[in-house]
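Right, one structure below, let's go through it.
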Amino acid sequence: GYVDHPPLVPWIAGLADAVFGDNLVALRALSVAAGVATVALGCRLVRELGGGTFACLVAGLCSLIAPAFLRMASILCIPVFEPLFWSFGSLLVIRIAEGEGYEKLAPFLGVPVPSQPFPHKGKRLRERMAEKMGNLEVDD
């Protein structure tokens, strides 16, 4: 592929072709699965930032009715996996800031656990997010 077209999507298409054969439904099912996972991760992000059931429902609904998101999740293309990776990365950053800390992150990255404690700033992060988004309650 070209420099701006990384090999992930052709690799996924080749894998789907090898597993399911020449099947358009199976090929598009992978895009739909990525879209569903993105919505689920978006709802999880809302929960991590202190949102309740209604906030999670609104975030999921907004993701589902966005025209660009609907288009991306219906065909196998490069941008369909980007929101999934960004959502996962955002959740990882929030989890680290909330206190998951070095003990869980270091083995995942394959590096030793540092001797100094992780600077926990999760409560302040939630407070600042609540301030930016309006009058939201922040639970401890």
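Using the structure shown, decide if PRO107 is modelled with pLDDT of 70 or more and closer than 26 Å to ALA37 by Cβ.
Numbers: modelled with pLDDT of 70 or more: yes; closer than 26 Å to ALA37 by Cβ: yes.
Considered against the rule, which asks whether it is modelled with pLDDT of 70 or more and closer than 26 Å to ALA37 by Cβ, PRO107 comes out as yes.
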Query raised in the report: Taking the condition in a helix (DSSP H, G or I) and more than 21 Å from GLU131 (Cα to Cα), does LEU27 pass?
Result: yes
Requested in this report: For LEU70, indicate whether it is part of a helix (DSSP H, G or I) and more than 18 Å from the chain's Cα centre (by Cα).
Outcome: no
Requested in this report: Identify, from the list LEU27, LEU64, LEU49, LEU8, the residue that is crowded, with 16+ Cβ neighbours inside 10 Å and either touching a Phe, Trp or Tyr at 6+ places or on another chain (Cβ under 7 Å) or under 24 Å from LEU91 (Cβ atoms) (or both).
Outcome: LEU49
**Report entry** Pairs, first at pLDDT below 85 and hydroxyl-bearing (Ser, Thr, Tyr) in the range 64-80, second open to solvent by 90 Å² or more (accessible area, probe 1.4 Å) and assigned to a helix (DSSP H, G or I), C-beta under 7 Å, six or more apart
**Finding:** SER74/ARG28
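I'd like to check something: does the range 14-22 contain any residue that is over 18 Å from the mean Cα position of the chain (by Cα), exposed (fewer than 13 other Cβ atoms within 10 Å of the Cβ) and not in a helix (DSSP H, G or I)?
First pass over the range 14-22, keeping only residues over 18 Å from the mean Cα position of the chain (by Cα): 14-22.
Keeping just the survivors that are exposed (fewer than 13 other Cβ atoms within 10 Å of the Cβ) gives 14-15, 18-19, 21-22.
Within this subset, residues satisfying the condition of being not in a helix (DSSP H, G or I) are 21-22.
Among the residues of the range 14-22, at least one is over 18 Å from the mean Cα position of the chain (by Cα), exposed (fewer than 13 other Cβ atoms within 10 Å of the Cβ) and not in a helix (DSSP H, G or I), which makes the answer yes.
The values are calculated or read from the model by the stated rules, or taken from the named source; none is laboratory data. The structure displayed is predicted, hence computed values, not measured ones. Backbone-built Cβ (ideal geometry, glycine too); neighbour counts: all protein chains shown. These accessible areas exclude ligands, DNA and RNA; they are computed on the full protein's heavy atoms, side chains included. Shrake-Rupley method; radii C 1.70, N 1.55, O 1.52, S 1.80 Å.
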